[in-house]
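The values are calculated or read from the model by the stated rules, or taken from the named source; none is laboratory data. This is a predicted model, so every value here is computed, not measured. Methodologically, a virtual Cβ is constructed for each residue, glycine included, from the backbone with ideal geometry; neighbour enumeration extends over all protein chains shown.
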């Protein structure tokens, strides 16, 4: 299961990186109706992301990936 | 830093925001309440307030204040405090954002205070739209000075510094697809031992000893896809590696659907796995240089299931302004170590 997830994940990373590097897509402003929906935004609710990353850091050994972080906590 | 000083700082920043001439555009205040309970017996109640206010048409201020009220004891505390132990954590942050041309600059800070830990962080970031706003490049840096205390002592204060930088690229691929890729690096120096957990060394229980430096690397890839019938798919993947030889994968899937506009329902699942750090063992013999009993540093897999409902009635909610949204969320976390947690969140986002 772990190896399968890792391989799928690497594939997603590769596709996303390739797509980002392409940088040639041009979506016109009048085509952005659905892109402007909150569901299409990355982290529209920063308070929720902040809480989620905080409690996950208190349980897991890894962290990061959502931008710069504060000073962490001394969670027991 | 004392709690009173912390509150004073937050109110001063809020007052500063109120004294500047404002052009109201997308101002909102978000009130959230989270309740966390796990199988170790820990209950944490977290109210927080997040204020976003435009100062001009090109600048904005964000202020956040939150409290963790820990109302029960974890198993690591119960060893010495059979009757339970209570604690609280206060965090406050503020950030000022200024737009110059197509580039946004943001600078801010965060302070955190709890009984055996204190932190102060300076955070700066910038982002720029390119290619007709179809591409956004963002980067940032933070520097934090943290002070863990060697519990149970109150006066043996250690020092730890954390430097963190990230870079991300966001790209719209079509009118229904957006992707983001990012890389983050963090370097932590100083005291990093968990003083609350005792490792089993030669039939004795001792406070662990962890290396004083740790460098973390994280890559992230994310997808947002609009599907037919007001449905949206989100996929996030994070790959992590650090110099303590801890590797992890986190894959998050989410599916959202709008029911007639005002009601948004989201179901999510997150798979997570990690290896243990190079010095982790269930028990130690001899004279190990590094040893730990920190549950965050052992190998395990976990799953997180979540359900979220967001309601934005046309005429507002609870007599508040039109556009006010009510959010309810329930999450269930299960690890193969036997650890489980339930998290309930409720919130209001109020435009003004």
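Got at least one residue in segment B:37-45 being at pLDDT 90 or above and either exposed (fewer than 15 other Cβ atoms within 10 Å of the Cβ) or in contact with a helix residue (DSSP H, G or I) (Cβ under 9 Å, 6 or more places away or on another chain) (or both)? Looking through segment B:37-45, none of the residues is at pLDDT 90 or above and either exposed (fewer than 15 other Cβ atoms within 10 Å of the Cβ) or in contact with a helix residue (DSSP H, G or I) (Cβ under 9 Å, 6 or more places away or on another chain) (or both). Only a single item in (1) under 25 Å from residue B:93 (Cβ atoms); (2) crowded, with 18+ Cβ neighbours inside 10 Å; (3) modelled with pLDDT under 90 is not met by residue B:157, and it is number (2). Taken over segment A:38-50, residues that are modelled with pLDDT of 90 or more and at the interface with chain B (Cβ under 7 Å from one of its Cβ atoms) amount to 3. Against the list (1) closer than 24 Å to residue B:162 by Cβ; (2) at pLDDT below 90; (3) in a strand (DSSP E or B), the condition residue B:76 fails is (3).
Every condition in (1) modelled with pLDDT under 95; (2) surrounded by fewer than 16 Cβ atoms within 10 Å (Cβ to Cβ); (3) under 24 Å from the mean Cα position of the chain (by Cα) holds for residue B:130 except the one numbered (3).
One residue is enough: does segment A:14-22 have a residue meeting the conditions at pLDDT 85 or above, more than 8 Å from chain B (Cβ to nearest Cβ) and either on the phi > 0 side of the Ramachandran plot or assigned to a helix (DSSP H, G or I) (or both)? So far as segment A:14-22 goes, no, none of its residues is at pLDDT 85 or above, more than 8 Å from chain B (Cβ to nearest Cβ) and either on the phi > 0 side of the Ramachandran plot or assigned to a helix (DSSP H, G or I) (or both).
This table checks each residue for (1) over 26 Å from residue B:189 (Cα atoms); (2) within 12 Å of chain A (Cβ to nearest Cβ); (3) out of contact with any strand residue (DSSP E or B) (no Cβ under 9 Å at 6 or more places or on another chain).
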| position | (1), (2), (3) |
| --- | --- |
| B:247 | no, yes, no |
| B:300 | no, yes, no |
| B:313 | yes, no, no |
| B:337 | yes, yes, no |
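Scanning segment B:126-167 for residues being facing chain A (nearest Cβ under 10 Å) and either more than 24 Å from residue B:104 (Cα to Cα) or not in a strand (DSSP E or B) (or both) gives a total of 13.
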